[in-house]
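> If you scroll down you'll find the structure; I have some questions about it.
Derivation of every value follows stated rules applied to the coordinates shown; laboratory data play no part. Values in this document were obtained by computation on a predicted structure and should not be read as measured data. Cβ coordinates were reconstructed from backbone atoms using ideal geometry, including for glycine residues, and neighbour counts include every protein chain displayed.
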Amino acid sequence: MKIKGFFRSLSLVVAMISSSMALAAGNVNCLSQLTDLDFIIKSKNQGLLRFTKQQPAQIVSYQSNTDFDTYLDAAYQHILLSNPRGNMPCPVLTATYKQLIKQGSRPEAPSIADIIAPFELRQPNNDKAVLLVHGLTDSPFTFHDLAQVYYQQGYSVRTILLPGHGTAADSLQHINAQQWQQAANYAIKRTIMDYESVVLGGYSTGAALLVNYLTTQPVDDKIKALMLFSPASEPHNKNGWLAKWIDLIPFVDWVDEDADIDFAKYESFPWNAAAAADDAMSTIELTSLAKRKLPNIPVFSVLSDIDSTIDTQATLALLNTLHNKEDRPSTQFDTLVLYGDKHAIPAGFASDYTIYNPQCSHHDCKDIRGISHIAVVNAPTNPHYGLAGSYRNCGSYLDDEKLYNLCKTTKQPNVGERTAANLAQYKPLQRLTYNPYFHELSRQIQQFLHVIEQQ
């Protein structure tokens, strides 16, 4: 273990004291901090929110005999113990949160822990469920909008918290891909025990964990479909394999050091996390995957043509490899939603795939410079990441304080994916955090679910 040093400890103490004083004064919450530029800059430079209050043990024993309510309670307590702002008021009342209040799972006045903890939306007398697994640096808040799409179709909806998440970014220095897979495997097996019909959905790294499970484990026929959102196939940066070696260098801990002002997602990023993500993606690399079989279930996928986190061409090759008609007759229901240029689909891609390629037809999307990796799962109405949300993703300018400040404060920022071309042409560029086609996506998901339910 590398020594973190005196300044890390001092920053953590300062963060805890500052947070306690602010909460005692009653003048700060998770939303007010999003627009407090002085605090944002101070937090970015000093790492005030980058470190956990403590490094607790594993959330819970990932044995299938651990009931899901016990898991949810343990995960919630884990967040409270370790997140430096876990108790901070956070009045972000999504439709999903309001339902959690109604079913008695959350208080009416939420804290950050309440907002980001894993949850279950329960349908009465219901035997079908969707299990959603989030991605690297994220939290279950990622699924507050998608959960509504599934719930309105009569599904109970479960989410989990991957190890190293929900607390502070330095927690990702103490995890590995095997721990993520163990958590995902538990949730899948437990959900199969509790429901008769199960749909699996994964975002980014969560998608890779699901594909690995389905192609390596005996699969119960209760699993009816796989749904992938910005699935992690290969990193856009092809030097990801170097991360584990760079992480061994003393005092070189961080790829990015940001303010971590986003209560629902880490903004700082340690080298160990990059190494773990590369390991997770390596489990589904094409040479290995071609020798394994996906169960006979349909696949629904959503991705952007200019994803700057994951290689879109690698993802399309992954989907094409999984589209094996001999092993999987249900390929006739495989569906792809591609945002951007349809010509990104290679000539050799399966000709019988159902493909949706939404095009901008309204004012809210006409000035967007491409759909980002992180945008696909959030609705424009999302109170945090949406069109009118206070949060701005300005992580492209960590080394340029002038552009970073301008990105955070300008009244009309350019918005889109942070490709090299966009960053060169549009200054400053705020990374898009919501999907302007989310309403269409909801309909596409509903149609897909309706089809598979008829089989």
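> Just how far, in whole angstrom, is segment 273-296 from segment 58-102 if you go by their alpha carbon centroids?
What the calculation gives is 29 Å, centre to centre.
> Below 10 angstrom from the Cβ of LEU432, what's the summed charge of the other residues (Lys, Arg +1; Asp, Glu -1)?
Overall, the nearby charge balance is +2.
> Let me check I've understood the local charge: for VAL198, count other residues with C-beta under 11 angstrom from its C-beta, Lys and Arg +1, Asp and Glu -1. What total comes out?
Overall, the nearby charge balance is +1.
> So, one more: Please list, ordered by chain and number, the residues whose modelled amide H lies under 5 Å from the amide H of SER304; skip anything fewer than 5 residues away on the same chain.
TYR339
> For MET227, what residues show an amide H to amide H distance below 5 Å, using hydrogens built from the backbone and excluding near sequence neighbours?
LEU200, GLY201, GLY202, PHE300
> Can you pull the one-decimal nm distance between simple spin-label points at GLN152 and ALA109, each 7 Å off the Cα toward Cβ?
Spacing of the two 7 Å Cα→Cβ label points: 3.2 nm.
> Still on this structure, I have one more. Which of SER171, SER282 has the fewest other C-beta atoms within 10 Å, and how do the rest follow up to the most?
SER282, SER171
> Also: Where does the charge balance sit around CYS407 when Lys and Arg score +1, Asp and Glu -1, over other residues with C-beta under 10 Å from its C-beta?
+4
> Quick one: length gained pulling ALA347 to LEU387 fully straight, 0.36 nm per residue minus the C-alpha distance?
In short, 10.8 nm is gained.
> Are there any trypsin sites (Lys or Arg not before Pro) in segment 380-412 that are in a DSSP loop and have at most 12 other Cβ atoms within 10 Å? List them by number.
Sites meeting the loop and neighbour criteria: LYS411.
> For the chain, calculate the relative contact order in percent as a whole number, restricting contacts to Cα pairs under 8 Å that are 6 or more residues apart.
14 percent
> Using helices alone, I'd like the mean residue ellipticity at 222 nm for the chain: each DSSP H run of four-plus residues gives -39500 (n - 2.57), total over residue count, nearest 500.
For the chain, the value works out to -10500 deg cm²/dmol.
> Only bridges whose two residues both fall in the chain count here: according to DSSP, what percent of them are antiparallel, nearest 5?
20 percent
> Taking amide H positions as placed 1.01 Å from N in the peptide plane, with prolines and chain starts having none, which residues 5 or more places from ASP256, or on another chain, fall under 5 Å of its amide H?
HN-HN under 5 Å from ASP256: PHE269.
> So, with +1 on the Cβ of K and R and -1 on the Cβ of D and E, and no other charges, what is the size of the charge dipole of segment 6-453 about its Cα centre, to the nearest 20 debye?
360 debye
> Hey, another quick one. Taking GluC sites (Glu not before Pro) as candidate sites, keep only those in a DSSP loop with at most 15 other Cβ atoms within 10 Å, then name the longest stretch of the chain containing none of them.
The longest such stretch corresponds to 327-455.
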